[in-house]
1. Grab the other residues whose beta carbon is less than 14 angstrom from that of Glu88, score K and R as +1, D and E as -1, and report the net.
2. Rounded, prolate or oblate, given the Cα gyration tensor of the range 101-401, with a/c below 1.5 counting as rounded?
3. Express in nm, to one decimal, how much length is gained between Gln379 and Lys104 on full extension, taking 0.36 nm for each residue of separation and deducting their alpha carbon distance.
4. Run through the range 343-438 and list the chymotrypsin sites (Phe, Trp or Tyr not before Pro) located in a DSSP loop whose Cβ has at most 16 other Cβ atoms within 10 Å.
5. Subtract the Cα-Cα distance of Ser259 and Arg92 from 0.36 nm times their separation in residues, and report this length gain in nm to one decimal.
6. Using 0.36 nm times the number of residues separating Arg315 and Leu158, minus their current alpha carbon distance, what extension gain do you get?
7. Net charge near Leu130, counting Lys/Arg +1 and Asp/Glu -1 over other residues with Cβ under 11 Å of its Cβ?
8. Computed FRET efficiency, Cβ-Cβ of Arg168 and Trp228, R0 35 Å: what is it to the nearest 0.05?
Amino acid sequence: MSTTQVLPPPYNKSAEANGGGAVNSIGDAETHVVQPKGGDDTSASAAAGARAGGHGVAQLVDGDGNGDAGAGAGAGAGSAAGGNEVLETNARTKGQWFAYVKTKQFWVALVLGQVLAICITSTNTLSQLLSFEGTSIPAFQTFFNYVLLNIVYTSYTLYKYGFKNWGRMVLKDGWRFIILSFFDVEGNYFVVLAYRYTTILSAQLINFWAIVVVVAISFFFLRVRYAWLQILGIFLCIGGMGILFGSDHLTGYNAFPASNALKGDLFALLGATLYGITNVFEEYLVSERPLYEVVGQMGFWGMLINGAQAGIFDRASFRAAVWNSKVGGYLTGYTLILFLFYSLAPVMFRLTSAAFFNISLLTGNFWGVAIGIKVFHLQIHWMYPIAFVLILLGQVIYFLRQGQLAEQVKPWLGEGQEEGVAGIGTAKRRVERPEAIV
């Protein structure tokens, strides 16, 4: 099942290589083979396996040149598009109450969402602490995160592909990752810049706009269709945020002076918009490509874009910044937590969607105040726990009548998810390994 995309076309869909295997992508009209270092050419047998398996099947071929592996993978993926038990169960349970909520995958996604919310809240808190110390370097602050992502994930990609095949991938697909990295870098830049002018709570509350952006882009460009319960769940989560905002406004709790609230809020709004675009694009890419490739490319191009931007715009701020042991500690903590966030977010996109990812982050406002009790001497109003429970309830309602695979099934990957990657958190992995939790 094909879809018309405004987003860039996929690069010869592939399965996520494991065990050093080469990634083969066999389409209806074209065969593309990415061999590992020292691997034998098994494209002919792999292509035969794919044709036996059906239409446009992504598959794994063992690096030892065993052609039977290609045939087996093709046949297995072909059955996945047809009479696979996992897909049949998912189709049968669509529309049933609590079908997905009762699965282990739902609880993994729910907990993972809270881990990500705590991560993003921690980075927001550290940004505010840096601002209090007199250090506001919005571009330079995230530079080390991209460096670390590049060191870890690009190195692993080179190990899996070899330098020649990595270079081919960059030449063919690099432009897509440049666009993704640009939106991500600018989103980070404007959100961090917002803390120079506004308060941590104000900037966090504006992030709900990212949900609107994600839902709109997913609906129009990826043809994602939301059930009425999903829309209700989203509004319930936003309502929980509204309670947080209303309680602060009525009581005057947690009110910090802002040097230029309007300017800061506009920067936060722009950052949230860029985040929304980045989230949808990243969900699209990690559903088709290996996680380490996507994150590695984000680190590689993000490091170059961010470094250039820091050199241009942060020179004066860098010279005027305060440098002491506290600032060094804050920057180190910011980098490590953001690295963890970038490593886990793609798994969340595969398990659920960019929309659920963003409503999960709404609880970050509660966690932000919980952390702020110690750090900023904030106060928790009695309405805060109610708001937190309401947001979690909205997340449950979002999945109340979903099938057992729920949003792991991506509409742009075909009915049997044959155009996707069989990586951690994907529906295709569940199709091939029904016992897998993620």
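Read-outs throughout are calculated quantities, based only on the coordinates presented, and are distinct from any laboratory measurement. Quantities reported herein were computed from a predicted structural model and do not represent experimental measurements. All Cβ positions, even for glycine, are placed from backbone atoms using ideal geometry, and neighbour counts span all protein chains on display.
1. The answer is +1.
2. Oblate is the answer for the range 101-401, as a/c is 1.5 or above yet b/c matches or exceeds a/b.
3. Stretched fully, the Gln379-Lys104 segment lengthens by 95.5 nm.
4. Those satisfying the criteria are Trp382.
5. The Ser259-Arg92 span can extend by a further 54.5 nm.
6. Residue separation times 0.36 nm, minus the Cα-Cα distance, leaves 53.2 nm.
7. Neighbour charge sum, excluding Leu130 itself: +1.
8. 0.15
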